[in-house]
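Read through the structure below, which is laid out as structure tokens, and then see the notes.
No lab work stands behind these numbers, since they all come straight from the coordinates. All of these numbers come straight from a predicted model, not from anything done at the bench. Here the Cβ positions follow ideal geometry from the backbone for every residue, glycine too, while neighbour counts run over all protein chains shown.
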Amino acid sequence: MTLQLSKVYQVETTHLKWWHNAVIYEVYPRSFQDSDGDGIGDLAGIIQRLDYLADLGVNLIWICPIYTSPMTDYGYDVADYCDIHPMFGDLATFDRLLAAAHARGLKVVLDLVPNHTSIEHSWFQGSRSARDNPKRDWYIWRDAAPDGGPPNNWESIFGGSAWTWDAPTGQYYFHTFLVDQPELNWRNPELVNAMKDVIRFWLDRGIDGFRVDAIVCLMKDAAFRDNPPAGADSFWANWGLTLEPRYTMHQPDTFDQIIDLARIFHEEYEDRVYIGETGAPIFEMLIPYYGKPLGGFDIPFNFSMLYTTWDAANIRALVEGYYAVIPAGGWPNFVFGNHDDHRLATRYGMENHRSVAMLLLTLWGIPTMYYGDELGMADVFVPVEKRRDPWGINKPESNFGRDPERTPMQWDSSPNAGFTAGEPWLPLADNYQTVNVAVQSADPQSTLTFYKRLLHLRRASPTLLHGSLAFVDGVPDEVLTYVREAAAERLLILINFGSQVREVDLRSITATAELLLSSHFAEHSGPHVRLQPHESVLLRIAADAQE
């Protein structure tokens, strides 16, 4: 079988920033480490585990919301953008965390939630107090329809109408999410300036950037037109929507706001990263978030891997389709798991889990990991009486909502997995006594050991960080193969997606092949590779290989 390299994707390296070499590690603070025994993770707990993160090999920590909040949506309902919820600590503790992280070479990014607040935020308390209140127009209020019902058919992602009647002032307010999360009006310049001050407050404190939540919802159709029906097999059905959010998401004037906020990151401060939660059903909808052609988000999150099947041809098509449309100077990124989606070990199968990591950490692009993925943590069944996520409670068809992927980090085999001395806020996995950091750290062939070796190979390799990429044609259908190249080094990645042994003869592209890492910790030598089912390998091949 003759192998050939396909199109070569070259990487722009003349304007590299620190985040181009980053591996983002998402920390869900409620579930990472509890320091005071109340069963809920906190900032002091994160400080305790910074050495683990530095040793793991990641270098950017993204911390989900820690602001003052009634916790109706567990922090994504903000009551004060410039203070810390007492259950997590206080501003002084946050400052200690930031200093300790920076001392270990770790960057820290916080969540910004600009689309909505809590109903307990002082802004909304003023807004709903009277129609002539100065903050009335900071939120989206509308008169009832002629029949007294909601102004239009817009629906909430959490179920039901996105409009809630407020009797004291006789109008409806809008909320894409919970009724307790009223939507901010980004057409009001005073609100925009207030949110800019929030951004500056934290950047002045020394954080390294923001991940901006729900940015696709920021602007709504000025004419408030009804949304059309969504097909049963549409992308939006994955979100449980019956309507296509044509007039409530991805609005053209959203990009103007993104570019305006970007000026704070790019002109007022140095070396701060601007990340957007920009999930879109097609890449053409994602690309405008980079800016025109740039000047928007440094990293607009690509969620394509969250909604696809584990298939070699499918994954290759997604990667090539993405690379083909990224604007000049823009950088790709890949998100395989987060706090809103079932864990990758559950979605793709435990047998493929390490190969998912091989793909994520060897593609050209900025990878995002979710806490516990490095252990192979899977979804945890949460019984009805212990469910916390309002999405799962309000919409049972959501397969128990997001609780299964938010369970406590599994540190050791002690009671409650070393996460807390109290009762954990969500139940632990049944396997925590064997699937945990302590056990896997002592096992030279564990999933954690595999992740650590792969992460450290990536950090030490200019080729994996910003080398060119070309897929290889002529391999068996179930084997995804690609070459990364920089300077005089060539690396070859082979991933067997199938359940059968697959053999690949590399002699048509290389005379030698040195094994750097196997997901199975198997031995491979020479240019003839025999892949076990679901195995992936990273090889160094001859730099003068013929094409």
Amide H contacts of Y81 (H built 1.01 Å from N, under 5 Å, at least 5 apart or other chain): none
Under 5 Å, built H, 5+ apart or other chain: amide partners of G291: G296, F297
Farthest toward positive dipole pole in the chain [+1 Lys/Arg, -1 Asp/Glu at C-beta], among N185, V212, H20: H20
The chain, relative contact order in percent, only Cα pairs under 8 angstrom and at least six apart counted: 15 percent
Set of lysines with alpha-carbon distance to K196 below 18 Å, sequence-local pairs under 8 removed: K135
Amide H contacts under 5 Å for H116, placed H, 5+ residues apart: L184
Nearest-20 debye value, the stretch 122-174 charge dipole, Cβ charges on Lys, Arg, Asp, Glu: 200 debye
Straight-distance crosslink candidates among lysines, where the alpha carbon sits under 28 Å from K7 and sequence neighbours closer than 8 are dropped: K17, K292
If the convex hull is drawn through the Cα atoms of the chain, its volume per residue in Å³: 147 Å³
Karplus-derived HN-Hα couplings along the stretch 502-517 (A = 6.51, B = -1.76, C = 1.60, θ = phi - 60°), whole Hz, x at Gly and Pro: 10, 10, 10, 8, 8, 4, 6, 10, 7, 8, 9, 8, 9, 6, 9, 6
Reciprocal mean inverse distance between Cα atoms of the stretch 122-174 - Kirkwood radius, Å: 11.5 Å
Net dipole in debye of the chain [+1 Lys, Arg Cβ; -1 Asp, Glu Cβ; about Cα centre; nearest 20]: 740 debye
Karplus 3J(HN,Hα) series, Hz, for the stretch 315-332 with 6.51 cos²θ - 1.76 cosθ + 1.60 (x for Gly, Pro): 5, 4, 4, 5, 5, 5, x, 6, 4, 5, 10, 5, x, 4, x, x, 10, x
Label-point gap, in nm, between L515 and R200 - each point 7 angstrom along Cα→Cβ: 5.8 nm
Reachable aspartates and glutamates, given that their alpha-carbon falls under 18 Å from the alpha-carbon of K452 and they are not under 8 places away in the same chain: E26, D51, D55, D373, E374, D412, D443, E535
Listed residue (L286, F158, S525) projecting farthest to the positive dipole end of the chain, Cβ model: S525
Rounded if a/c under 1.5, otherwise prolate or oblate - the stretch 493-538, Cα gyration tensor axes: oblate
The chain - mean residue ellipticity at 222 nm from DSSP helices (-39,500 (n - 2.57) per run, n ≥ 4, rounded to 500): -6000 deg cm²/dmol
Pair A167, D51: separation of 7 Å Cα→Cβ label points (nm): 5.9 nm
Antiparallel bridge percentage (DSSP; both residues within the chain; nearest 5): 65 percent
Karplus-derived 3J(HN,Hα), 6.51/-1.76/1.60, for each residue of the stretch 86-99, Hz, glycine and proline x: x, 5, 8, x, 8, 4, 5, 5, 4, 4, 5, 4, 4, 5
